[in-house]
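Undergrad: The structure is given below, and queries will be raised subsequently.
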Amino acid sequence: DKPVVAARDERDRKYVMSDEFSMDNLEKFVRDFLDDKVEPYLKSEPVPDNTDAPVKVVVAKNFDEIVNDSERDVLIEFYAPWCGHCKQLEPKYTELGEKLAEESGITIAKMDATANDVAKPYEVSGFPTIYFAPKGSKNSPKRYSGGREVDDFLKYLAKEATNELSGFDRDGKKKKKKKTEL
């Protein structure tokens, strides 16, 4: 068994010494860690190719890009592939993504929390765990505890969205299309 050397910084990011263990390598790792020259270790699935899906698939490596996008509110579900409640939620969550696909200010996303490191300040202790990350306060996302039907999500997002949704009013009711005369 080889020793493993790991460290965490003040932002709770993990670092792992990749070189074979020796006193010289340990000293170099500590020096590089203190000089901020070591890349954080991220448990992550590969970044998916399909980015046009109604529900964006997030992995640890693209978490910042999607969830912390300062231009968009994000509703993210942390799930486990074996979770029965997650499987029940899947078609409803996909339908929600389809209904909001034309909304420019909101992203519906999901992440397999068993195969990817979950970033701080998100805390996942059960599945599914859902958070709303408004574009103006990515450091303090709100844990979603409402109903699990499409209309429950729509009402919540219509009310909480930073900017009013283009297709739904603040109560979650579908807006009537304005008739335009030619």
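Undergrad: Being more than 19 Å from Ala119 (Cα to Cα) and out of contact with any helix residue (DSSP H, G or I) (no Cβ under 7 Å at 6 or more places or on another chain) narrows it down to one residue among Asp49, Asp12, Asp19; which is it?
TA: From the options Asp49, Asp12, Asp19, the qualifying one is Asp49.
Undergrad: Further question on the same structure: Restricting attention to region 101-116, and to residues there that are within 15 Å of Pro81 (Cα to Cα) and of a type outside the set (Gly, Ala, Ser), which single residue is surrounded by the most Cβ atoms within 10 Å (Cβ to Cβ)?
TA: Checking each candidate, the answer is Met111.
Undergrad: May I pose another question? Inspect all residues belonging to region 33-49 and state whether any of them is out of contact with any Lys or Arg (no Cβ under 7 Å at 6 or more places or on another chain) and in a strand (DSSP E or B).
TA: No.
Undergrad: Does Lys176 qualify as being among the basic types (Lys, Arg), assigned to a loop (DSSP other than H, G, I, E, B) and in contact (Cβ under 8 Å) with a residue 60 or more places away in the chain?
TA: no
Undergrad: Test of understanding: among Ser22, Ser70, Ser18, which residue is at negative phi, of a type outside the set (A, V, I, L, M, F, W, C), assigned by TED's automatic domain parsing to the domain that holds Ser145 and loosely packed, with under 13 Cβ neighbours inside 10 Å?
TA: Matching residue, one of Ser22, Ser70, Ser18: Ser70.
Undergrad: With respect to the numbered conditions (1) at pLDDT 95 or above; (2) in contact with a strand residue (DSSP E or B) (Cβ under 8 Å, 6 or more places away or on another chain); (3) surrounded by fewer than 13 Cβ atoms within 10 Å (Cβ to Cβ), which one is the sole condition not fulfilled by Lys174?
TA: (1)
Undergrad: Is it fair to say Lys155 is among the charged types (D, E, K, R), without any contact (Cβ under 8 Å) to a residue 40 or more places away in the chain, surrounded by 18 or more Cβ atoms within 10 Å (Cβ to Cβ) and more than 24 Å from Arg13 (Cα to Cα)?
TA: Criteria met by Lys155.
The values are calculated or read from the model by the stated rules, or taken from the named source; none is laboratory data. Treat the numbers as computed from the prediction; the structure is a model and nothing was measured. Heads up, the Cβs are rebuilt from the backbone with ideal geometry, glycines too, and the neighbour counts pull from every protein chain shown.
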